[in-house]
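Data block below; observations after.
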Amino acid sequence: MNIKNSTKTDAVLKEIGARLTQQRVLAKLTQAGLAEKAGVSKRTVERIEAGSSIQVSTMIQVLRVFKLLEPFGLALTTDKAEAPVKKKAKAVRVEKNPSLEPSNKSHSWGY
C-alpha cells in the first residue's frame with residue numbers, strides 16, 4: 001500500500017505497523033527483543049504492530065533500532081531547495097468578445 005496524504009489515519013497506522021513488523025522479522029528480532037533494544041515494553045511493540053496510535057517519542061526509539069531515523073528526518077527537510085515546490089497556476093488569457101464590450105460611441109435614442 002502506498003501512503004498518501006489522502007490515506008485515512010487508521011490505514012496509515014496499520015501500514016506503518018505492518019512495515020515495522022517486516023523490519024523486525026528481517027532483523028530476526030522478537031517483539032520482546034525489539035522492545036528491549038528500543039527501551040519500550042513488549043506491549044508497546046504489539047500496539048505499534050497492530051496499528052494503534054503511539055507517542056512520537058516511542059516511534060523515534062523504534063526507528064533508531066532499525067536505523068531509519070535519518071531517512072525520516074530527511075523527509076522533514078528544512079532546506080527550502082529540497083522542499084516540494086507548488087507550481088504556480090498559469091495565467092489564462094481570456095479573449096474579449098467585442099459584442100459584449102461597452103461601446104465608446106454616443107448613443108442615439110431614435111432622434
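Bear in mind these aren't lab numbers, they're just calculated from the coordinates by the rules spelled out. All values reported here derive from a predicted model rather than from experimental measurement. Quick reminder, even Gly has a Cβ in these numbers, built from the backbone with ideal geometry, and neighbours come from all protein chains shown.
Residue 12 sits among other residues whose Cβ lies under 11 Å from its own Cβ, and their net charge, with Lys and Arg +1 and Asp and Glu -1, is +2. The 3J(HN,Hα) values that the Karplus relation (6.51, -1.76, 1.60; θ = phi - 60°) gives for region 61-73 are, in residue order, 4, 6, 4, 4, 4, 8, 6, 10, 5, 5, x, 4, x Hz. Gly and Pro appear as x.
Going from the residue with the fewest nearby Cβ atoms within 10 Å to the one with the most, 46, 70 rank 70, 46. Summing charges over all other residues whose Cβ lies under 15 Å from the Cβ of residue 65, with Lys and Arg as +1 and Asp and Glu as -1, gives +4.
Here r is the Cβ-Cβ distance between residue 22 and residue 77 and R0 is 25 Å; the resulting FRET efficiency, rounded to 0.05, is 0.45. Residue 32: net charge of surrounding residues, Cβ under 12 Å, Lys/Arg +1, Asp/Glu -1, itself excluded? For residues surrounding residue 32, the net value is +2. Which of the listed residues, 21, 33, 69, is farthest toward the dipole's positive end in region 9-79, when Lys, Arg count +1 and Asp, Glu count -1 at the beta-carbon? About the Cα centre, the residue reaching furthest to the positive side is 33.
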